[in-house]
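What follows is a short report on a single structure.
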Amino acid sequence: MRLIIFGAPGSGKGTYASRLKSKLGIVAIATGAIFRELAKEETSLAETVKSFLELGQLVPDDIVIDVLKGRLMKKVLEGFILDGYPRTLVQAKALDALASIDAVIHLVVPDWIIIERLSNRRICSKCGEVYNIRFLKPRRPETCDKCGEKLLQRADDTPKVIRERIKIYEKQTQPLLQYYEERIPIVRCKCDSIDMPPEAVVANILERLEALDLT
Ligand SMILES: [Zn+2]
């Protein structure tokens with residue numbers, strides 16, 4: 001199964017993608033994580049990527065498409081869930097040339113939940129596992145359950161930057177949803193309760209994928 005998941009930063013997209021990946025036996029490809037990893041390297045590409053990430057801006061299409069192509073080509077047959085890609089129509093069309101997508105998952109989450117969630121979000125400095133100090137607590141404070149490393153708050157998880165990111169996300173995503181709406185099924189998932197457990201959201205998504213005869 002080949003899926004794309006859309007959701008604002010803080011919609012829980014990464015968490016759901018990672019759970020869906022295990023349930024469906026596919027790989028999750030998160031471009032945000034790929035670029036953060038890439039930015040740590042000492043290359044001119046890394047410098048370029050870093051400059052965009054630091055400003056909270058989108059990495060240009062040609063760079064994103066190149067990076068994705070390398071990762072995606074090996075995974076097309078196994079199935080995948082794409083998180084953070086495509087962000088533009090140019091990227092969507094480049095993807096169409098690489099693989100046919102079965103469905104789009106669209107998470108619809110109100111702004112106040114996003115701001116509440118992101119300001120409480122912590123990420124493992126080593127393995128990238130995501131926690132929330134209110135709703136998805138690590139067993140030991142500020143420590144990753146998986147690898148025992150320290151949890152950090154991302155520099156762009158501040159209310160000002162969050163609001164800016166939501167605005168960018170909405171502006172970028174609208175034309176993409178329109179594009180896919182005309183082509184493939186969209187599983188729309190309304191998450192308007194802040195304490196809805198991730199399992200419930202994932203179960204709902206799986207049920208609806210099943211109804212589409214994709215599982
Ligand atoms: Zn970890």
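Computed from the coordinates by the stated procedures, all read-outs in this text should not be read as laboratory data. What you are looking at is a predicted structure, and each value in this text was computed from that prediction instead of being measured. Please note: Cβ atoms are built from the backbone with ideal geometry, for glycine as well, and neighbour counts cover all protein chains shown.
Selection of first residues in the range 179-197 that are under 19 Å from Trp112 (Cβ atoms) and of second residues that are assigned to a loop (DSSP other than H, G, I, E, B) and of a type in the set (Ser, Thr, Tyr), restricted to Cβ pairs under 8 Å at least 6 apart or on distinct chains, gives the following pairs, ordered by first then second residue: Cys191/Ser11.
A Cβ distance below 9 Å, combined with a sequence gap of six or more or placement on separate chains, defines the contacts here; from the range 122-142, residues that are assigned to a strand (DSSP E or B) reach residues that are surrounded by fewer than 19 Cβ atoms within 10 Å (Cβ to Cβ) and of a type in the set (Asp, Glu) in the pairs Arg122/Glu142; Cys124/Asp145; Cys124/Glu149; Tyr131/Asp145. Among the residues of the range 119-149, count how many are touching an Asp or Glu at 6+ places or on another chain (Cβ under 6 Å) and either among the basic types (Lys, Arg) or more than 12 Å from the ligand (Cβ to nearest atom) (or both). The qualifying residues number 4.
Residue count for the range 112-150, restricted to those that are within 27 Å of Glu170 (Cβ to Cβ) and either loosely packed, with under 14 Cβ neighbours inside 10 Å or among the hydroxyl-bearing types (Ser, Thr, Tyr) (or both): 4.
In the range 150-182, the qualifying residues are those that are touching a Lys or Arg at 6+ places or on another chain (Cβ under 8 Å) and part of a loop (DSSP other than H, G, I, E, B), and the one that is farthest from the ligand (Cβ to nearest atom) is Asp156.
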